């Protein structure tokens, strides 16, 4: 990743811009498991990667991105960002006004997790979801129940022409349940611990 950052940054700086930065997101993983009425209803396990280059001339910004993490893609993405900035600058009414802020030369951050959610066997998670969803059916009025689990994992790399260097590894994980009850014409839905799939935190 360091080599890709240097490659893209070097090409951007060679284009004569005032400022350039490069960010890489790899891997970005997402897992979503859910059980609805005793049956698995969501089994998603996805991964994606990306590299973005942002540059600034005296008059405009340019940005380009790619999902291919290779030296050739890094160089072509940086060249495209420079071209876009120069094209935008031709119609800019005035020079850009920017503030000069100090850069973080060695920034590092990682989520502290008690247990990596991506290392937990899928069977163990599905067993917990199945048990939780079954407990929702506490009476005949409960017609439907859902228990779900979601986790995100992002490793990010950032470098800029003014010396910034930042690395981060962020993990989000959470779960929740919801039940729908019907009595006559009255339909009620309740969720726990909150709506929208549950509560999420960087805690494993």
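The values are calculated or read from the model by the stated rules, or taken from the named source; none is laboratory data. All figures in this text were calculated on a predicted structure; none of them were measured in a lab. Please note: Cβ atoms are built from the backbone with ideal geometry, for glycine as well, and neighbour counts cover all protein chains shown.
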**residue 84, sole failed condition from (1) modelled with pLDDT of 95 or more; (2) in contact with a helix residue (DSSP H, G or I) (Cβ under 7 Å, 6 or more places away or on another chain); (3) surrounded by fewer than 19 Cβ atoms within 10 Å (Cβ to Cβ)** = (2)
**Message:** I'd like to know if the range 145-153 contains one or more residues that are touching a strand residue (DSSP E or B) at 6+ places or on another chain (Cβ under 8 Å), farther than 17 Å from residue 41 by Cα, in contact (Cβ under 8 Å) with a residue 24 or more places away in the chain and part of a strand (DSSP E or B).
**Reply:** yes
**Asked** Out of all the residues in the range 177-188, is one or more under 27 Å from the mean Cα position of the chain (by Cα), touching a residue at least 40 places away in the same chain (Cβ under 8 Å), closer than 16 Å to residue 31 by Cβ and surrounded by 15 or more Cβ atoms within 10 Å (Cβ to Cβ)?
**Response** no
**Request:** Give the number of residues within the range 46-71 that are in contact with a helix residue (DSSP H, G or I) (Cβ under 9 Å, 6 or more places away or on another chain) and within 30 Å of residue 169 (Cα to Cα).
**Result:** 17
**Filter result (in a strand (DSSP E or B) and farther than 24 Å from residue 97 by Cα) within the range 61-73** = 65, 66
**Prompt:** Within the range 126-138, how many residues turn out to be outside any loop (DSSP other than H, G, I, E, B) and surrounded by fewer than 13 Cβ atoms within 10 Å (Cβ to Cβ)?
**Reply:** 3
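Per-residue answers, yes or no, for (1) without any contact (Cβ under 8 Å) to a residue 12 or more places away in the chain; (2) assigned to a helix (DSSP H, G or I); (3) within 25 Å of residue 2 (Cβ to Cβ):
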residue: 31; (1), (2), (3): no, no, no
residue: 47; (1), (2), (3): no, no, yes
residue: 59; (1), (2), (3): no, no, no
residue: 78; (1), (2), (3): no, yes, yes
residue: 88; (1), (2), (3): no, yes, no
residue: 92; (1), (2), (3): no, no, no
residue: 99; (1), (2), (3): yes, no, no
residue: 112; (1), (2), (3): no, no, yes
residue: 124; (1), (2), (3): yes, yes, no
